[in-house]
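Single-structure report; data block below.
The values are calculated or read from the model by the stated rules, or taken from the named source; none is laboratory data. Bear in mind that the values here come from a model prediction, so they are computed numbers and not experimental data. Heads up, the Cβs are rebuilt from the backbone with ideal geometry, glycines too, and the neighbour counts pull from every protein chain shown. These accessible areas exclude ligands, DNA and RNA; they are computed on the full protein's heavy atoms, side chains included. Shrake-Rupley method; radii C 1.70, N 1.55, O 1.52, S 1.80 Å.
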Amino acid sequence: MRFPTGWLSSLFVLLLSTWFPFAKAQAGSMTIGLVASDSNVKTGARIALTGKGHKVQDVTWEFEEFHGISRLGTGNLDTPRPNFWPKELNGKWDQGLKACKSQAGKPPYGFSNRLAFLCGRRIARTFWQLWLDYKKFDLVIVIDARGDRRKKVVKLEAVAYGRDETVRRSISLDKVPLGSLRQKAGAVVLDLLAGKGHSETRNISRELPEVVNPITSEPDKEYSEAKVREISAVAVPAGCNPRVVALRVNPASSPLAKTITNLWVKSTKKLKKSKVMFVCSINVSPDSPASADDLTDFTATLKCRDFKLKETVMSINAAACHEGFAIGLVTKLLEKFCK
């Protein structure tokens, strides 16, 4: 779970008297859906919320169903209805997936099928909203602790929104000691209820996609062929004159692999060459944010021999990240040769 980078700044304090959950929090008890994978975070948040008279339901599993990287969010349109899905909404589920399949064309479905991926992400957001409406939650709170736990500190991030609200609020705390997680989680959720935090627009999606005529041509052929990017050479780090290897990136037919290879050749044109060739592989995976809207973090992993490099770019789809992936990975590869 990852938040848009604009959220990961220092704590902002902003009071919105028109924010519905804040107003209702002052008036009485709310029903709150809580998402937290860390047990200490979950316990601390639950104790703080129930201590104020609110009813709390753990919806971590349900949240991951619609925001995780192995489900609808990556275009897996054959995903079965989850056990918690209300039978009253079965028709919506079937209608949504039928529409997505009509838009995506023939299987296989998944991340490699761009049309399935885009429709799957959209329908996952819609299903999440429809489920929230059915459960009648007044508020959803997503809270997460991430970081290198070997250093005994993590970053605590939390977001809250009402199911009918077009505003969501977030708080981020850096360097929280592991021993204080429970206490800090409780304090953060109460701050959110008090109207504190950074405010952003939340897009609500309840509309299902439309069924279209089946696609009979080869899916994404034109799209794939058009996406090899021509990018200006990456600068070699100052004071560095390394002997570099030739680079081959698989799958060789991938537009991203071609973009990276071309940029490597262009960037190392004036450098000394060795007779070695690195045969690497490229893989891209999406990492849905805590409250998925139009933007998602995509991470490209370049695996070469005994090392791998990663570059993360935020965009609406993976193809729009190709230039950022190539520049970031080639830069890191040059830095590695300069060490």
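Here are some notes:
- Computed from the C-beta positions of Ala246 and Ile69 and an R0 of 22 Å, the FRET efficiency is 0.10 to the nearest 0.05.
- Take Ser180: with every protein chain present and a 1.4 Å probe, its accessible area is about 30 Å².
- Computed E for Ser205/Asp306 - FRET, C-beta separation, R0 41 angstrom, nearest 0.05: 0.40
- Residue-span extension gain [Ser112 to Lys152] - 0.36 nm each, minus C-alpha spacing: 10.6 nm
- Sorting the Cα pairs of the stretch 58-117 by distance into bins of 10 Å, from 0 upward, gives 23, 51, 24, 2 percent per bin.
- Thr31 sits with roughly 50 Å² accessible to a 1.4 Å probe, with DNA, RNA and ligands left out of the calculation.
- Figure legend: label point modelled 7 angstrom from the Cα of Lys269 along Cα→Cβ; residues of the stretch 228-254 with amide N under 12 Å from it are 231-234.
- Ordered by 1.4 Å accessible area with all protein chains kept, Glu335, Glu311 run largest first as Glu335, Glu311.
- The simple Förster model, with R0 at 41 Å and r as the Cβ-Cβ distance, assigns Ser232 and Thr50 a FRET efficiency of 0.15.
- Karplus-derived 3J(HN,Hα), 6.51/-1.76/1.60, for each residue of the stretch 167-181, Hz, glycine and proline x: 10, 10, 10, 9, 9, 10, 10, 8, 6, 8, x, 4, x, 9, 4
- By accessible area, using a 1.4 Å probe on protein heavy atoms only, the stretch 143-182 has 47% of its surface on carbon and sulfur.
- Based on alpha carbons, the Rg and Dmax found for the stretch 92-172 are 17.3, 49 Å.
- Per residue, the solvent-accessible area of the stretch 167-208 (1.4 Å probe, heavy atoms of protein chains only, all protein chains present) comes to 46 Å².
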